[in-house]
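What follows is a single structure, written as structure tokens, with notes after it.
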Amino acid sequence: MATLDTKGPEVSFLSGIIQECGRRTLLIDIGTSSGGGAIDSARRPVSPADVLKQIATSTRTKVAELLADRVIDAIVAVAGGKGSAVFGEIVSDLPYGFPKLLVSSARPALLAELAAHHDIILYPTLVDLFGINAFTARVLENAGRAICAMHYQPSNREREGKIVAVTAFGVTTPAANQCVSLLADAGLQAIVFPANGAGGRKMEQLIAAGEFDAVIDLTTTELADEIVGGTASAGPDRLKAASDRQIPQVIAPGAVDMVNFGPPSSVPDRFRDRRFYSHTPYTTLMRTTPAENTNIGALTGERLSQTKGSAIVLWPAKGVSDYDREGGVFRDAEADQAWLEAIKTRVRPEISVRELNCHINDREFAETAVTWILEQLGMGGLARAHI
């Protein structure tokens, strides 16, 4: 897939590499000069953005047809900024795991945005794509050989056993690890999503697609970023899909004590007097306040109250992250309590809010969450040997 009006030589070179590897190619032109077959001459769009939107819409439909007919089992694109944006729209409905490789000279911020929404394999060229030269040839040959090693093999078998989605962050990893282990002991598979914005967004999409039987949403920190303005927001659809699908869900305030930013220089000036912790040289965490946690808890309760399925809220009295424990850099019992009080006032009465006298990373918390999920799935509780 490429913009042939600007990437003709690169497409020819890449196609040759792919064919040398024994794979067949099918070319889709998404260039604006051709219109990608999307432009209606009687109602010509008035801006380049309209053109790109029409190209993406018509091509997305065509690609879905090709996949349904088993004509394609991987996609590689060569693009600059516009082509990369269109490619992201086109592949947005393709299955998780379908090989999607983008060779792009687009600005890093655009590639980061694509990575936040899709499982696209990104290959930044770093040099611009102006024909074949000593540098672009290296990139395109590697890309061609890489995509040739990828195959999409959709399974026609019914998936075995039940699958539970789990959310995790570095500061809630012990809780997630224990949940995964306990679920495995009970014969359930756990799929863990990093609560970094992209992870929560993808989890919501896959829940909506019917991929999971239950959710242990340990780490709802993405709501903190959504409300306060951090970099790890999963968008306005977070905490909605499980309610729509009516599958059992455990909700916990994992890592709602923090808002994510990049390096210290990226933190907005309005937060200058706040409490910070450098998680890595590239990640600066900011402690949430009682007022912010009130808003986070209220939003959690409002979204959770939309469910017609079974749900429970678990609250760990001794801290919501590794940094929020006795003696920890983010320990603030008052702020944590604000989350709890807010959710109590907003969640429907029939949804239980259970207070546990433990830390979120204590084994008791994981056992409580997994036991409740197993009961909702009709599998009883945990075996006594695991308690």
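Readers should treat all values here as calculations from the given coordinates under stated rules, not as data from a laboratory. Note that the coordinates shown come from a computational prediction; the quantities given were computed from them, not determined experimentally. When we count neighbours, we look across all protein chains shown, and the Cβ atoms used for this are built from the backbone with ideal geometry, even at glycine.
Choose one of Ser310, Thr32, Ala106: the residue whose Cα lies farthest towards the positive end of the charge dipole of the chain (beta-carbon charges +1 Lys, Arg; -1 Asp, Glu; about the Cα centre). Toward the positive end, the furthest listed residue is Thr32. Cys residues of the chain that find no other Cys beta carbon under 4.7 Å: Cys179, Cys358.
For the stretch 163-386, the relative contact order is 21 percent, taking Cα pairs closer than 8 Å that sit 6 or more residues apart in sequence and dividing their mean separation by the residue count.
Compare Arg325, Arg274, Arg245 in a GNM of the chain, Cα atoms joined below 10 Å, and give the one with the largest fluctuation. In the Gaussian network model the winner is Arg274.
Here the peptides 87-98, 288-299, 214-225 are ranked by packing, the mean other Cβ count within 10 Å, and the order with the highest first is 214-225, 288-299, 87-98. Roughly how many Å is it from the Cα centre of the stretch 357-371 to that of the stretch 255-313, as a whole number? Between the Cα centre of the stretch 357-371 and that of the stretch 255-313, the gap is 22 Å. Under a 5 Å amide H cut-off, with hydrogens placed 1.01 Å from N, Ile28 pairs with Ala2 among residues at least 5 apart or on other chains.
Simple spin-label estimate for Arg274 and Ala333 gives 2.5 nm between the two label positions (7 Å along the Cα-to-Cβ direction from each Cα).
Given R₀ = 22 Å, FRET efficiency for Asp93-Leu26 by Cβ-Cβ distance, to 0.05? For R0 = 22 Å, the calculated efficiency reads 0.75.
If the chain between Gln189 and Asn357 were fully stretched, how many nm would it gain, using 0.36 nm times the residue separation less the Cα-Cα distance?
Values: separation 168, 0.36 × 168 = 60.48 nm, distance 2.79 nm.
Full-extension gain reported as 57.7 nm.
With a simple spin-label model that places each label point 7 Å from the Cα along the Cα-to-Cβ direction, the separation between Ala134 and Ala291 comes to 6.0 nm.
Fully extending the segment from Asn177 to Tyr282, taken as 0.36 nm per residue of separation minus the present Cα-Cα distance, adds 35.3 nm.
The structure-derived value of P(r) over Cα pairs in 10 Å bins from 0, in percent appears in the list [x] 5, 22, 31, 26, 13, 3, 1, 0; [y] 5, 21, 26, 22, 18, 8, 1, 0; [z] 5, 21, 33, 30, 11, 2, 0 under the label [y].
The stretch 308-387: which GluC sites (Glu not before Pro) are DSSP loop and have at most 15 other beta-carbon atoms within 10 angstrom?
Values: sites: Glu326, Glu334, Glu341, Glu350, Glu355, Glu364, Glu367, Glu375; in loops: Glu326, Glu350.
Of the GluC sites (Glu not before Pro), the ones in loops of the stretch 308-387 whose Cβ has at most 15 other Cβ atoms within 10 Å are Glu326, Glu350.
Can you tell me the FRET efficiency between Glu364 and Ala115 if r is taken as the Cβ-Cβ distance and R0 is 25 Å, rounded to the nearest 0.05? For Glu364 and Ala115, the calculated efficiency is 0.10.
Please get the size of the charge dipole for the chain, origin at its Cα centre, with Cβ charges of +1 on Lys and Arg and -1 on Asp and Glu, quoted in debye to the nearest 20. The partial results should precede the final answer.
Working: 38 positive and 45 negative charges, 115 e Å.
Using Cβ point charges on Lys, Arg, Asp and Glu, the chain gives about 560 debye.
The alpha-carbon atoms of the stretch 163-386 define a convex hull whose volume equals 109 cubic angstrom per residue.
The distance linking the stretch 74-93 with the stretch 183-230 is 26 Å (Cα centroid to Cα centroid, whole angstrom).
Legend: calculated FRET efficiency, Met379 to Ala209, from the Cβ-Cβ distance at R0 = 25 Å, rounded to 0.05, equals 0.60. Show me the chymotrypsin sites (Phe, Trp or Tyr not before Pro) within the stretch 256-334 that DSSP assigns to loop and that have at most 11 other Cβ atoms within 10 Å of their Cβ. Counting only loop positions with at most 11 other Cβ atoms within 10 Å, the chymotrypsin sites (Phe, Trp or Tyr not before Pro) in the stretch 256-334 are Tyr282. Charge dipole (Cα centre; +1 on Lys/Arg Cβ, -1 on Asp/Glu Cβ; no other charges) of the stretch 163-386 amounts to roughly 180 debye.
In the chain, taking the dipole from charged Cβ atoms about the Cα centre, the farthest positive-side position among Thr294, Pro174, Gly210 is held by Gly210.
As a proxy for reagent exposure, Asp362, Asp237 were ordered by neighbouring Cβ count within 10 angstrom, fewest first; the result is Asp237, Asp362. Model label sites at Lys240 and Glu160, defined 7 Å from Cα along the beta-carbon direction, differ in position by 3.7 nm.
Working value for the stretch 305-387: equivalent-ellipsoid semi-axes of 24, 20, 7 Å, each the square root of 5 times a Cα gyration tensor eigenvalue, largest first.
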